[in-house]
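The values are calculated or read from the model by the stated rules, or taken from the named source; none is laboratory data. Since we're looking at a predicted model, the values are computed, not measured. Heads up, the Cβs are rebuilt from the backbone with ideal geometry, glycines too, and the neighbour counts pull from every protein chain shown.
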Amino acid sequence: MRHPLKSLWKTVFGDGDEYIDLFFSRLYDPQNALFFEQNGKVVSALHLILTDIFVAGQPRPAYYLCGAATLPEYRGRGLMGKLIGRAKSISRERGVEYIALIPAAAGLFPYYRKHGFYAAYSVQHSLYQYNHRENEKRYFFTPADDVSTAVSMHNDRFRAMDYSLRKDGRLFGFIQNEAELLGRQLSYVTDSHNQKAGYILYSKKNPQRIKELVCDDAARQNLLDAFMLEHRLNEVWITEPFNGGAEIQKGMLWAADGKPVTCQSKPYINVMLD
């Protein structure tokens, strides 16, 4: 069944074969691929990736919903709505408490809201300028050849932020491979004692755009000064979790208990197959 699902993905999203093969080799699970067929052709499908969401500091079972696609000629028939309903039923049957997703376009937020999802994740693009500090050289950047430390850093950083998604080695490994295909660099940040102080994910073509930075808040400006010095930049933009103010809606969440999801912290979904 992989080939018809790949064909649908390619037709709807236009991704290259290498990216599609990466998803189906690393994250595809036939038990969690829901679809409709017409005349032997897959016309609508979605994928569920089993993960966890932190609630009160503890991981709770969740799905990340992605790859929701319907062939153009089959849209408007309610097929995707039925698949989403099935995904919610499966979640309840299996004891999975949440489903998270990132709408493919801003105009899809009302659609998913109609199906019981709440806008739970927001981001902001923060500007950091070079501060010309004397100690900026104490941080160094090395391409990540193993993601295990990044996994621990990520989960330790966002555990206290309710509804943030936990990442495991399988998911983070996919994100690393995806970054390579998209021309991004995942690097560890080490200090002058060769201790890892965080990780950074940025565009190789335009390092001024930082997709994700995880480090101690107190070290952030010094670390960024070192990064800007290395890349000869005067400023960088970082995508960061945010709650309140002029944020950008990023992702949505559905809860099996039917209660509205309200987030007082800054839940994190930033780097998830997008």
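Could you tell me which residue of the range 167-180 is surrounded by the most Cβ atoms within 10 Å (Cβ to Cβ), considering only residues that are touching a Leu at 6+ places or on another chain (Cβ under 7 Å) and touching a residue at least 40 places away in the same chain (Cβ under 8 Å)? Within the range 167-180, the match that is surrounded by the most Cβ atoms within 10 Å (Cβ to Cβ) is 174. Just one of the listed residues (130, 64) is within 30 Å of residue 236 (Cβ to Cβ) and assigned by TED's automatic domain parsing to the domain that holds residue 159, namely 130. Output the residues belonging to the range 1-32 that are small (Gly, Ala, Ser) and either touching a strand residue (DSSP E or B) at 6+ places or on another chain (Cβ under 8 Å) or more than 19 Å from residue 184 (Cα to Cα) (or both). Passing the criteria: 7, 14, 25. For the range 248-265, a tally of residues being at pLDDT below 75 and buried (at least 17 other Cβ atoms within 10 Å of the Cβ) returns 2. Filtered by the rule that a residue be without any contact (Cβ under 8 Å) to a residue 40 or more places away in the chain, surrounded by 13 or more Cβ atoms within 10 Å (Cβ to Cβ) and over 23 Å from residue 51 (Cβ atoms), the range 1-37 gives 4, 7, 10. Of all residues in the range 175-209, those satisfying the criterion of being more than 24 Å from residue 120 (Cα to Cα) and under 13 Å from the mean Cα position of the chain (by Cα) are 176, 178, 179. For the range 86-105, enumerate the residues that are modelled with pLDDT under 95 and surrounded by fewer than 21 Cβ atoms within 10 Å (Cβ to Cβ). 102, 103, 104, 105 - these are the residues of the range 86-105 that are modelled with pLDDT under 95 and surrounded by fewer than 21 Cβ atoms within 10 Å (Cβ to Cβ).
Residues that are of a type in the set (Lys, Arg) and outside any loop (DSSP other than H, G, I, E, B) were ranked within the range 202-236; the one that is surrounded by the most Cβ atoms within 10 Å (Cβ to Cβ) is 211.
Checking the conditions here, which among 43, 96 is touching a residue at least 24 places away in the same chain (Cβ under 8 Å) and part of a strand (DSSP E or B)?
None of the other options fit; the residue is 43.
Screening the candidates 194, 222 for the property of being under 17 Å from residue 130 (Cα atoms) and either in the same structural domain as residue 164 (by TED's automatic domain parsing) or without any contact (Cβ under 8 Å) to a residue 24 or more places away in the chain (or both) yields one hit, 222. Those helices (runs of 4 or more DSSP H) of the range 108-201 in which at least 1 residues are closer than 30 Å to residue 75 by Cβ, considering only elements entirely within it, cover 109-114, 169-181. For residues in the range 43-58 being modelled with pLDDT of 95 or more and over 17 Å from the mean Cα position of the chain (by Cα), which is nearest to residue 174 (Cα to Cα)? Once the filter is applied, the top-ranked residue is 45.
Determine whether residue 70 is surrounded by 19 or more Cβ atoms within 10 Å (Cβ to Cβ), hydroxyl-bearing (Ser, Thr, Tyr) and within 19 Å of residue 4 (Cβ to Cβ). Judged against the criteria, residue 70 is a match.
Annotation for the range 73-85: no member residue is crowded, with 18+ Cβ neighbours inside 10 Å, of a type in the set (Ser, Thr, Tyr) and modelled with pLDDT of 95 or more.
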